[in-house]
Amino acid sequence: MPSVEILSRIQFAFTIAFHYIYPPLSIGLGLCLVIMEGLYLRTGKKMYEDITRFWIKIFALIFGIGVATGIVMEFEFGTNWAVYSRYVGDIFGSALAAEGIFAFALESGFLGILLFGWNRVSKGVHFFSTIMVALGSMFSAVWIVIANSWQQTPTGYVIEGEGMQARAIITDFWEMVFNPSSMDRLSHVIIGAFLAGSFLVMSVAAWYIIKKRFVTAAQAMFKVGLCVATIAALAQLFTGHRSAHYVSKYQPAKLAAMEGHYDSSAVAPMYIVGWVDNKTGKTTGIKIPGGLSFLTHGSFNAPVTGLNAFPKADRPSAVNFVFQTYHIMISIGMFLIALTLTATFLLWKKKLFSQKWLMTIFVWAVMLPQIANQVGWYSAEVGRQPWVVYGLLRTSDALSKEVKAEQVIFSLVLFSLVYTLLLVLFLYLLNKKIVHGPEMTPNEEDDSDEFSKRNIKQLQA
């Protein structure tokens, strides 16, 4: 039977991976809602109000499932990771309290106006509530990423107590907030969320275009999503480079694992694709000689610290897993750049919406930002092992001492069943809302036959 440590890690990875499907969607969709409703206020076109109302319903569904799936993780801190909870309680407590005050309260407070304020408050007040909900979803990510980044690059603290009673105590709150990795990681996460939300919008819009439903509205949706996605995809190049730079400086063992670099100090290539054999310490594949050296030091001849420079107990054991997840993220990122730039060019040429093959790609491309976000987290979290707080607390020492393997297996099975049901419910409700489509007025959707069908049915009745 696997150890309690492995089972607890699997359980937490499963719950957080499932939860992480939803926050990026709500963050990215929140930005798209602000743009759509802003276009409604600026142009006065009823179509933009109709599509905003449609996406608000989907936003509410995503928000609800996200809240439900996020609560479980907080209990796991206490049940499975009691030593960890004691150790980082002062740090996490302040960050989670800030999230509750500045993020969740803001988002949930204005969500009621966003959902039910149409025709009850002025257009300006409703637009303000949309902005506040979007900002609230982003602020939530801010404090969670700050707390996680402190684990990667801890600063602004002192350790009180010894052994099992040791605790990290904040000495400088703002130094903890602006730790060396927090802002780089935050920008990378937020932009990844923008991609997730905007590709959801484009996927639904592309499906409508293929099916010749709500054509005018679908084209408007697609343009909003494409604008956000193109800028975000290009910006991710910059934030990704910045994130890799902090890793090279503060977590060199993780960077070495990401590129399968073993030599203690040697020029390091950058792999396009490859495979790592951790037993032999060899990496094979297609590579750019000196590429990693150039990205980290600006020179193709600069040495890079490899895994052999660290004791085996202080470096990741699942090197190939870190390598593969990191390169999947990079590959998807480059594909999204190519895809969005191709669509932007065709839009400029006024040929975009006649390309059924491209619309079909966009329908299915909704999964790519989600996959990239997931594997990016896998790479970051598995890559920092064996540390749960880098250089301070090992994962094996962070466990609850009274939890048994059988208990973790039982709870993992139950979580799997419940989360599977939640996923099925989410997909069913999402599909139902998409198939129904936005409630459009006839004069705003004259390119679709939807209203003519409804009118014929009414006349026949």
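Just a few scattered comments:
- Between 0 and 90°, nearest 10: helix 105-116 axis offset from the chain longest Cα axis: 20
- Rounded to the nearest 500, the helix-only mean residue ellipticity at 222 nm of the chain stands at -23500 deg cm²/dmol, with each DSSP H run of n ≥ 4 adding -39,500 (n - 2.57).
- When the convex hull of its Cα atoms is projected in every direction, mean area for the stretch 102-255 (nm²): 13.3
- Gyration tensor (alpha-carbon) shape descriptor, the stretch 12-66, a/c threshold 1.5: prolate
- Whole-Å distance, taken between Cα centres, linking the stretch 386-439 and the stretch 325-345: 28
- Cα pair count fraction exceeding 23 Å, expressed as % - the stretch 1-135: 45
- A simple packing score, the average count of other Cβ atoms within 10 Å per residue, orders the peptides 281-293, 39-51 as 39-51, 281-293, with the highest score first.
- In the structure shown, the pairs Lys254/Lys432; Lys57/Lys249; Lys312/Lys404; Lys254/Lys401; Lys249/Lys287 are assessed against 32 Å; a Cα-Cα span above that value is assigned to Lys254/Lys432; Lys57/Lys249.
- Rounded, prolate or oblate (a/c below 1.5 giving rounded, otherwise prolate when a/b exceeds b/c) for the chain by Cα gyration tensor: prolate
- Gyration tensor over alpha-carbon atoms, the stretch 153-237, equivalent ellipsoid semi-axes in Å: 46, 13, 8
- Short-range pairs are left out: with C-alpha atoms under 8 Å and at least six residues apart, the relative contact order of the chain is 21 percent.
- Fewest-first sequence of Trp364, Trp207 by Cβ atoms within 10 Å of each Cβ: Trp364, Trp207
- Applying the Karplus relation 6.51 cos²θ - 1.76 cosθ + 1.60 with θ = phi - 60° to the stretch 80-87 yields 3J(HN,Hα) values of 9, 10, 5, 5, 4, 4, 5, 5 Hz, where x marks Gly and Pro.
- Leu135, Leu423, Leu195, Leu31 arranged by Cβ crowding within 10 Å, fewest neighbours leading: Leu423, Leu135, Leu31, Leu195
- Ranked by the mean number of other Cβ atoms within 10 Å of their residues, highest first, the peptides 171-182, 350-361, 258-269 fall in the order 258-269, 171-182, 350-361.
- Checked against a 21 Å cut-off, the cross-linked pairs Lys223/Lys356; Lys223/Lys349; Lys46/Lys123 all give Cα-Cα distances at or below that limit.
- In terms of its alpha-carbon gyration tensor, the stretch 288-382 comes out oblate; a/c meets the 1.5 threshold, while b/c is at least as large as a/b.
- Viscosity 1.306 mPa s, temperature 10 °C, Stokes-Einstein D of the stretch 207-277 from Kirkwood C-alpha radius, µm²/s: 100
- Think of each Lys and Arg Cβ as +1 and each Asp and Glu Cβ as -1; about the Cα centre, that makes the dipole of the chain roughly 1440 debye.
- Rounded Å value of the spacing that divides the Cα centres of the stretch 127-184 and the stretch 264-279: 33
- Residue order, fewest to most beta carbons within 10 Å, for Ser411, Ser198: Ser411, Ser198
- C-alpha long axis of helix 22-43 to longest principal axis of the chain, angle in °: 40
Quick note: the coordinates plus some simple rules give every number you see, no bench work behind them. Note that the coordinates shown come from a computational prediction; the quantities given were computed from them, not determined experimentally. Counting neighbours? That spans all protein chains shown, and the Cβs are built from the backbone with ideal geometry, glycine included.
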